[in-house]
Amino acid sequence: MTADTRDAEFAAYMHARQRALLRTAFLLTGNVHTAEDVVATALAKLYLAWDKVRDRESIDGYVRRIIANETTSLWRRPWRRREIAAEVLPEHGREDAYDDGRAAAVWEAVSSLPPRQRAVVVLRYYEELSEAEIADVLGISPGTVKSQASRALATLRTNHPTLASGLEER
């Protein structure tokens with residue numbers, strides 16, 4: 001494969017999937033800027049490994065794994081625990097669908113979960129991955145996925161009883 005062909009294939013993939021990858025990263029990190037950084041790092045790592053990826057059908061899973069690993073490594077960094085102040089709040093995109101205010105409330109509840117529980121909930125209910133896929137993406141056992149999901153839903157049921165039922169129905 002020539003460099004031009006490789007670059008064209010990668011650019012096409014990036015153009016087609018960047019928005020979905022940003023959404024996943026945002027849901028995992030809870031911060032637009034951090035999500036952009038994580039996706040940029042993930043895409044850079046994917047570009048370096050592009051020639052090695054033989055199964056083009058599994059690229060999304062590979063990139064999700066990179067995003068999850070990068071997000072996990074952010075949780076462990078001590079400087080991550082500091083509060084970040086901003087003079088201007090970030091702009092939020094306009095949603096075309098009617099929003100009764102419940103989506104923001106659900107996201108607020110989900111973002112209050114501990115990082116690993118939030119990651120499991122995001123991958124299960126927002127990205128609609130199976131328990132086995134989540135275990136693979138996060139590098140944990142399926143049993144850990146089940147226990148983290150169970151704990152997350154218990155926390156949501158306790159702290160936000162009306163919102164938890166919406167997630168469980170999905």
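Brief remarks on what is shown
A quick yes/no check of all residues on (1) closer than 25 Å to N31 by Cα; (2) within 16 Å of the chain's Cα centre (by Cα); (3) open to solvent by less than 30 Å² (accessible area, probe 1.4 Å):
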| position | (1), (2), (3) |
| --- | --- |
| R118 | yes, yes, yes |
| V122 | yes, yes, yes |
| Y126 | yes, yes, no |
| L129 | yes, yes, yes |
| S141 | no, no, no |
| S147 | no, no, no |
| R151 | yes, no, no |
| A154 | yes, no, no |
| N159 | yes, no, no |
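- For segment 29-36, the criterion of a residue being more than 23 Å from S130 (Cβ to Cβ) and open to solvent by 60 Å² or more (accessible area, probe 1.4 Å) is satisfied by at least one position.
- For segment 73-93, the condition holds for no residue, the condition being that it is surrounded by 14 or more Cβ atoms within 10 Å (Cβ to Cβ), within 30 Å of Y47 (Cα to Cα) and modelled with pLDDT of 80 or more.
The values are calculated or read from the model by the stated rules, or taken from the named source; none is laboratory data. Quantities reported herein were computed from a predicted structural model and do not represent experimental measurements. Note that each Cβ is placed from the backbone with ideal geometry, even for glycine, and that neighbours are counted across all protein chains shown. These area figures cover heavy atoms from the full protein model, side chains too; ligands, DNA and RNA do not enter into them. Shrake-Rupley method; radii C 1.70, N 1.55, O 1.52, S 1.80 Å.
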